[in-house]
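Please treat every number below as a calculation from the coordinates, not as lab data. None of these values were measured; they are calculated from a predicted model. Here the Cβ is made from the backbone with ideal geometry for all residues, glycine too, and neighbour counts use every protein chain on show.
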Amino acid sequence: MTDSLEATNKAVVERLVRDIVNGGQVELLDEVLAEDFVAHGVGSSPSGADGMRQLIATWRTAFPDWQDHIDEMVAEDDLVVLKISARGTHEGPLLGINPTGEAVQWGMIEMVRLADGKITEQWGYSDFAEVVRHLRKVAAAHSEQRSEPEA
């Protein structure tokens, strides 16, 4: 593989993060994801551009100001690996947790495979479970405060 292919692959991944995830231009997913795109992960992972649109909509509802920052990116052959710092303010429902107003941050490691200039597969690891635990505690505390009788 050439440095040119690796640079092209990195540019596709940067576009996904910059324009689609951060910029909200989900209509561009068809341009960066292969028709048979699959996200490998725990539970029900999205497939295809429509699955990713639904996933992004869920995250945007929960975190309207959600932004990913690429801290590191390495490409080799048909793979691109990213270290991402994400942040957002919990202003919508997520996983049964009512909005808390909490500003949260989490980290991710993502690996994507590309073919013919499009992303075909994605694998990821995130410490988002810690964020969910925190949000559940905050939501429970908010709920307890609302249920306490006024003096």
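Could you let me know the centre-to-centre spacing of segment 1-31 and segment 52-76, using Cα atoms, in angstrom?
12
With charges only on Cβ, +1 for K and R and -1 for D and E, what is the dipole size of segment 1-115 about its Cα centre, in debye, rounded to 20?
Roughly 400 debye, rounded to the nearest 20.
Please report the relative contact order for the chain, taking Cα pairs under 8 Å with a sequence separation of at least 6, and give it as a percent rounded to a whole number.
Averaging sequence separation for qualifying contacts and normalising by length gives 22 percent for the chain.
Distances longer than 19 Å among the Cα atoms of segment 42-151: what percent of all pairs is that?
55
Select from Gly96, Ala140, Asn9 the residue farthest towards the positive end of the dipole of segment 3-147; place +1 on Cβ of Lys and Arg, -1 on Cβ of Asp and Glu, and compute about the Cα centre.
Farthest along the dipole direction, towards plus: Ala140.
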